[in-house]
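The values are calculated or read from the model by the stated rules, or taken from the named source; none is laboratory data. Keep in mind the model is a prediction, meaning the values are calculated, not measured. To get the accessible areas, we keep the full protein, side chains included, count just its heavy atoms, and leave off ligands, DNA and RNA. Shrake-Rupley method; radii C 1.70, N 1.55, O 1.52, S 1.80 Å.
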Amino acid sequence: MRTILILLALCMACDDEPTTEPPSTEAANTPNVPVPSQPEAEAEAEETTTGFIEAKVDGELKRFEYLPAHDNQVLTRVTHMQAHPSADSEAKLEITLLGWDVRQEELPMFFKFGLQRGGSGRDMLRSAQRMPGIRYADEAGNVYNRMVNDDTLECQSLEDLVLSCTFSGTLQAEDGDATVELTEGRAEVRLVTNELSDRFVEGTVGMAADESVERVGEAIDRRRGN
């Protein structure tokens, strides 16, 4: 069972010596952030959900329709979609909207990383916590990533928890200099919700992250003279 691991972006606000320098948006790799799943005491209601994720990978259409339920969730601090060609395949297409609960967003919307400038230290930190990424793994186990910082990942609608998105872009290999080009990407996935996981995340990681944002935001504001 996967553990709760959305700390990657949230805990960037925990430094004792904050800085007003924004993190670089030049990184090619999106963070590998496992999706929070149900606590071990609660059994999964379903093994899979419905839908697909597809894209042309270097011009060849790949369509993945095996979607594990625990990898396709919308929670209060992350929305995640992941599809494989079959249950025993290592290949996958994955979209992570770290920091977004798409149930609370007005769609259509472009999801991209970008610091909010001109606001308070808290605004800057909260925007830095939001990182959308795309991940592709082929049958040979090669993994490619991209943190999205432009208008190439758009979600058009969420109806009855079916999230529809389009995407494209160049993904960088985790090992080496190889790249793959994704074009005509589409996702249409019925997301799973989990109120117990939501409450657990908000009462632990979420609370700690919010407190850190407040503390570091106050320090940044003081440095700015606000």
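Hey, any hits in region 104-117 for a residue that's open to solvent by 50 Å² or more (accessible area, probe 1.4 Å), modelled with pLDDT under 90 and not basic (K, R)? Yes, region 104-117 contains a residue that is open to solvent by 50 Å² or more (accessible area, probe 1.4 Å), modelled with pLDDT under 90 and not basic (K, R). If you go through region 150-169 and pick out every residue that is part of a strand (DSSP E or B) and open to solvent by 70 Å² or more (accessible area, probe 1.4 Å), you end up with 1.
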